[in-house]
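**Q** Structure provided below as structure tokens; questions to follow.
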Amino acid sequence: MNTIILNGSPKGNSEKCNSQIFAEQFVKDMKNPCEIKCIAQNVPKELAQYVADFDAIILILPLYIHAMPGIVMKFIEELEPATSKGKSIGFIIQAGFIETAQHKYVGRYLENLAERLNYSYLGTVSKGEAAAIYMYPKMFKKVLKLLSELGVAYEKNHAFDDEVVKKLTNPYELSKFKLWLLRLVNKVGLGNIGWHKVLRENDVMDKRLDRPFL
Ligand SMILES: Cc1cc2nc3c(=O)[nH]c(=O)nc-3n(C[C@H](O)[C@H](O)[C@H](O)COP(=O)(O)O)c2cc1C
């Protein structure tokens, strides 16, 4: 099975790109690692023609404002339906918010897309709380290991492993206790530590409460 991995982030193969980290981790322990291409660094039409020669496509994409990046949509519009059976497509969505429930709308679209393209649908893997992976990879060792396990199982079975998918997708929704804890963290200001660091670094801390449109 000849599979191509596509990175759908506008950041392309930058070292700050989580989708690229996901892609590299997915192929890391494969016996014959799949080729990775970045949508951002290719002409959509040419890339669509290129991927048509593969048996399978795995598209890894981030969520920006609950939706897929515009470059992914532009690329999808260039894809032609397969003329014969036997091709397959799967998706890995990664995003910053903890709950993967927010991925379901894009997920439904992607499932329909597979059908419209006459590809078998391999499924959509979701991972939340992924925004900081490129900054603190050591804190995400478990996630990175799961991704390489997903890749190894994919190479063997041409499918996403249910158990690994379940672990990555968790939590779909936060428990009441976790929600309460998060509200507390925000109330005492702990949730602002990271944001305030960025504001200070950019010398705009004193402007953080400005309301220029009023
Ligand atoms: C402008 C912007 C909008 C975002 N919108 C969402 C969102 O709606 N939901 C979410 O979970 N994460 C959101 N994120 C976080 C990204 O999905 C997250 O950082 C992701 O890992 C980025 O992947 P990339 O590095 O591959 O582009 C947003 C980030 C930015 C910068």
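The values are calculated or read from the model by the stated rules, or taken from the named source; none is laboratory data. This one's a predicted model, so the numbers in the text were calculated from it and none came from an experiment. As a convention, Cβ positions derive from the backbone with ideal geometry for all residues, glycine included, and neighbour counts pool all protein chains shown. Ligands, DNA and RNA are stripped out before the accessible areas are found, and what is left, the full protein with its side chains, is counted by its heavy atoms. Shrake-Rupley method; radii C 1.70, N 1.55, O 1.52, S 1.80 Å.
**Q** Return the residues of the range 78-99 that are among the polar types (S, T, N, Q), touching a residue at least 40 places away in the same chain (Cβ under 8 Å) and more than 9 Å from the ligand (Cβ to nearest atom); say none if nothing qualifies. Give the derivation first.
**A** At the first step, the residues of the range 78-99 found to be among the polar types (S, T, N, Q) are 83-84, 88, 94.
From what's left, touching a residue at least 40 places away in the same chain (Cβ under 8 Å): 88, 94.
88, the sole residue that qualifies.
Residue-by-condition table, conditions (1) touching a Ser or Thr at 6+ places or on another chain (Cβ under 9 Å); (2) among the hydrophobic types (A, V, I, L, M, F, W, C); (3) near the ligand (Cβ under 8 Å from one of its atoms); (4) open to solvent by less than 40 Å² (accessible area, probe 1.4 Å):
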{"position": "15", "(1), (2), (3), (4)": "no, no, no, no"}
{"position": "35", "(1), (2), (3), (4)": "yes, no, no, no"}
{"position": "50", "(1), (2), (3), (4)": "no, no, no, no"}
{"position": "61", "(1), (2), (3), (4)": "yes, yes, yes, yes"}
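**Q** Scan the helices (runs of 4 or more DSSP H) fully inside the range 96-175 and keep the ones with 1 or more residues being within 21 Å of residue 79 (Cα to Cα). Before you say what the answer is, go through the steps one by one.
**A** Details: elements: 104-116, 141-157, 162-169.
Once the helices (runs of 4 or more DSSP H) in the range 96-175 are filtered for at least 1 residues that are within 21 Å of residue 79 (Cα to Cα), what remains is 104-116.
**Q** Suppose we filter 84, 88 for residues that are farther than 20 Å from residue 141 by Cα and at pLDDT below 95; which single one remains?
**A** Details: 88 fails: at pLDDT below 95.
Just one listed residue meets the conditions, 84.
**Q** Is the range 149-156 home to any residue that is farther than 30 Å from residue 31 by Cα and either not assigned by TED's automatic domain parsing to the domain that holds residue 99 or not aromatic (Phe, Trp, Tyr) (or both)?
**A** First pass over the range 149-156, keeping only residues farther than 30 Å from residue 31 by Cα: none.
Among the residues of the range 149-156, not one is farther than 30 Å from residue 31 by Cα and either not assigned by TED's automatic domain parsing to the domain that holds residue 99 or not aromatic (Phe, Trp, Tyr) (or both), which makes the answer no.
**Q** Please return the ranges of helices (runs of 4 or more DSSP H) entirely within the range 1-90 where 3 or more residues are in the same structural domain as residue 124 (by TED's automatic domain parsing) and within 13 Å of the chain's Cα centre (by Cα).
**A** Numbers: elements: 18-28, 44-51, 70-76.
Where helices (runs of 4 or more DSSP H) fall fully within the range 1-90 and carry at least 3 residues being in the same structural domain as residue 124 (by TED's automatic domain parsing) and within 13 Å of the chain's Cα centre (by Cα), they are 18-28.
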